[in-house]
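The values are calculated or read from the model by the stated rules, or taken from the named source; none is laboratory data. Worth saying up front: this structure is predicted, and the values here are computed from it rather than measured. Cβ atoms come from the backbone with ideal geometry, glycine included; neighbour counts cover every protein chain shown.
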Ligand code: CO
């Protein structure tokens, strides 16, 4: 079902400082930086490994508003790891398959993610407390 760990999502209060820290400490390269107003975030993808089915990244997430999920996470004292995202071939089919196993899916159909990807989240109450995301990378040219 999963082809890779696509990214680990990390909530940060200062995106510029976190990008600089991951670049200087681990030599990671930023491959995208974008706003997602639907999710209330500005995010940066830091490439760890580029594989045949897509890359593995650290996803740095800064809230653009306090009432967004990441904004609430930070406001409630959260810091650091927020979710784990697994790569899949077909996000819609995977969400349907997982939902069929009795696990609640937050997104019954995929929504827009970074770098043209399609993403969906599973409910942490049904996944041992871990917020899990599935990611179908955009088709490569
Ligand atoms: Co993510």
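Summary table below
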item	result
Single residue of 109, 18, 24 found to be within 28 Å of residue 126 (Cβ to Cβ) and either surrounded by fewer than 16 Cβ atoms within 10 Å (Cβ to Cβ) or within 16 Å of the ligand (Cβ to nearest atom) (or both)	109
Cβ pairs under 9 Å, 6+ apart, first in the stretch 3-16 and part of a helix (DSSP H, G or I), second near the ligand (Cβ under 9 Å from one of its atoms) and at pLDDT 95 or above	15/43; 15/61
Meets criteria (part of a strand (DSSP E or B), modelled with pLDDT of 95 or more and surrounded by 13 or more Cβ atoms within 10 Å (Cβ to Cβ)) for residue 120	yes
Subset tally (residues that are away from the ligand (no atom under 11 Å from the Cβ), under 22 Å from residue 118 (Cα atoms) and either out of contact with any helix residue (DSSP H, G or I) (no Cβ under 6 Å at 6 or more places or on another chain) or not in a strand (DSSP E or B) (or both)) for the stretch 50-70	9
Boolean, residue 130 is exposed (fewer than 14 other Cβ atoms within 10 Å of the Cβ) and within 12 Å of the ligand (Cβ to nearest atom)	no
Options 46, 30: the member that is more than 12 Å from the ligand (Cβ to nearest atom), within 23 Å of residue 13 (Cβ to Cβ) and buried (at least 21 other Cβ atoms within 10 Å of the Cβ)	46
Lone unmet requirement of (1) within 23 Å of residue 136 (Cβ to Cβ); (2) part of a strand (DSSP E or B) for residue 39	(2)
Residue that is farthest from residue 2 (Cα to Cα), among those in the stretch 80-107 that are in contact with a helix residue (DSSP H, G or I) (Cβ under 8 Å, 6 or more places away or on another chain) and assigned to a strand (DSSP E or B)	82
Candidate set from the stretch 86-108 (those that are under 16 Å from the mean Cα position of the chain (by Cα) and free of Cβ contacts under 8 Å to residues at least 24 places away in the same chain); member that is farthest from residue 61 (Cα to Cα)	105
